[in-house]
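Novice: Mind having a look at this structure? Questions to follow.
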Amino acid sequence: MKRTILLWISLALMVTALYLIFVIAPIERTMGIVQKIFYLMVPMGWLALLSFLVVFIGSILYLKKRSLRWDILSYSSAEVGVIFTTLALVTGSIWAKPAWGVWWTWEPRLTATLVLWLIYLTYFMVRSFATEESRGATFAAIVGIIGFIDIPIIVLATTLWRGLHPGALIFQGGLDPTMLLTLIISLLTFSTLYALILMQRISLKNNEVEIKRMKELSQPFN
Amino acid sequence: MENVSYVFVAFAIVWAVVFGYILLLLNRQRRLQQEIDLLKQRLEDRKSGD
């Protein structure tokens, strides 16, 4: 029921966001139409960070309480996070080509985001390499906690080091009000989608656990 | 207006990946539910057979 409501909210927000992006929001003077990618790239980056925040909290709670539900939450969020981080890097690269003339540059924020993507991959690798499932979950939780160090680095990259990114333009009031509204709606759209996908992924993982348990139960009969 | 293609590609990739992933999850969920139903049935059959 919750998921159906979220699905309808996501669909309504999606239509509103697309309408705002392509009809209402003005075309930026310097970059032109390509600036529209900004409404995708920023939410992708935000969800990459949000997913890892959930992984971080879930990992701490798993290590503290040893409850499978926290591991399932972290695992599910990490999977969704790796997808959004990939999309942040891809959309960033597509924007970089017309804006900076290159597909990729070792700019501080881009590099830190790539590091985040690699941390996500490490999270899954340590889990799959572990001999026991619980040990894999513990190792992954440690990666989830240590890897969180990269989040403030990404956020503060433009302030700490001089890069190509324009800095905290959004928070300094440097954005046209219509553009800001469009960005907020876009962020809301993808955040709702994230919640929906995460709930679906958790439910899937719970079913996988249930199947494993049932198979173990049916073992003595075979 | 030559940059329109970049915008189109970016939006197409994001929506294709997001919807593709949702469809993949729904498909996997359906298969797992079928497996759960089958296992439940099997367990019940074994219990009633004892």
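Read-outs: derived from the displayed coordinates by stated rules, not from any lab. Just so you know, these numbers come straight off a predicted model, no measurement behind them. In this analysis, Cβ positions are derived from the backbone assuming ideal geometry, glycine residues included, and neighbour counts consider all displayed protein chains.
Novice: Which residue pairs have Cβ atoms closer than 9 Å, lie 6 or more positions apart in sequence or on different chains, and pair a first residue in the stretch B:32-45 that is closer than 11 Å to A:Lys215 by Cβ with a second residue that is surrounded by fewer than 15 Cβ atoms within 10 Å (Cβ to Cβ)?
Specialist: So the pair list comes out as B:Leu39/A:Lys215; B:Leu39/A:Leu217; B:Leu39/A:Ser218; B:Arg42/A:Ser218; B:Arg42/A:Phe221; B:Leu43/A:Leu217; B:Leu43/A:Ser218; B:Leu43/A:Phe221.
Novice: B:Arg42 versus (1) closer than 30 Å to A:Gln35 by Cβ; (2) over 16 Å from the mean Cα position of the chain (by Cα); (3) within 7 Å of another protein chain (Cβ to nearest Cβ): which is the lone unmet condition?
Specialist: Among (1) closer than 30 Å to A:Gln35 by Cβ; (2) over 16 Å from the mean Cα position of the chain (by Cα); (3) within 7 Å of another protein chain (Cβ to nearest Cβ), the lone unmet condition for B:Arg42 is (1).
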